[in-house]
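The values are calculated or read from the model by the stated rules, or taken from the named source; none is laboratory data. Please read all numbers here as calculations on a predicted model, not as lab measurements. Methodologically, a virtual Cβ is constructed for each residue, glycine included, from the backbone with ideal geometry; neighbour enumeration extends over all protein chains shown.
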Amino acid sequence: MQRVVEYEAVHGRTAEPQPHNNKGFDIISSGPGGSDRRIIEVKATQRDWPDRGVPVSDSQIDKNRELGDEFWLYVVEYPEDPAKARVIAIQNPIASADYFAFDPGWRVLGESSP
């Protein structure tokens with residue numbers, strides 16, 4: 001979260017972290033006078049962005065659908081390493097997704113042949 005607060009400050013916005021159990025997002029950020037408001041979901045990975053991706057919950061997807069372009073996904077790589085830390089900010093990620101994959105965990109929800 002601290003990396004995102006710093007990122008927002010560098011870009012002229014003020015970030016306000018929300019309570020830990022806030023449903024659907026982690027930070028509200030805006031520029032001067034409330035401009036460029038961003039509702040931000042933060043995902044962190046201790047290394048480079050993993051090939052398996054970063055998970056999002058149904059409440060985060062719902063919040064993205066509700067807010068559209070005001071919703072942002074921020075992926076933070078190496079958050080604990082100041083020399084490597086990187087923030088990748090993606091506006092309205094659900095609208096840009098054109099592919100979804102279902103991992104093997106979905107087996108328990110499906111019917112299968114004997």
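Here residue 14 fulfils each of the conditions (1) surrounded by 13 or more Cβ atoms within 10 Å (Cβ to Cβ); (2) without any contact (Cβ under 8 Å) to a residue 40 or more places away in the chain; (3) under 14 Å from the mean Cα position of the chain (by Cα) apart from (3).
Among the residues of region 73-86, what is the count of those that are without any contact (Cβ under 8 Å) to a residue 60 or more places away in the chain, in contact with a helix residue (DSSP H, G or I) (Cβ under 7 Å, 6 or more places away or on another chain) and assigned to a loop (DSSP other than H, G, I, E, B)? Total satisfying the criteria: 0. Against the test of being over 11 Å from the mean Cα position of the chain (by Cα) and surrounded by 19 or more Cβ atoms within 10 Å (Cβ to Cβ), the options 52, 38, 65 yield a single qualifying residue, 38. Within region 87-104, the set of residues being outside any loop (DSSP other than H, G, I, E, B) and either of a type in the set (Phe, Trp, Tyr) or over 22 Å from the mean Cα position of the chain (by Cα) (or both) comprises just one member, 104.
Considering only region 92-104, I want to know if a residue exists there that is surrounded by 13 or more Cβ atoms within 10 Å (Cβ to Cβ), among the aliphatic types (A, V, I, L, M) and at pLDDT 95 or above.
So in region 92-104, the residues surrounded by 13 or more Cβ atoms within 10 Å (Cβ to Cβ) come out as 92-94.
Retained after the next criterion (residues that are among the aliphatic types (A, V, I, L, M)): 94.
Remaining after also requiring at pLDDT 95 or above: none.
No, region 92-104 contains no residue that is surrounded by 13 or more Cβ atoms within 10 Å (Cβ to Cβ), among the aliphatic types (A, V, I, L, M) and at pLDDT 95 or above.
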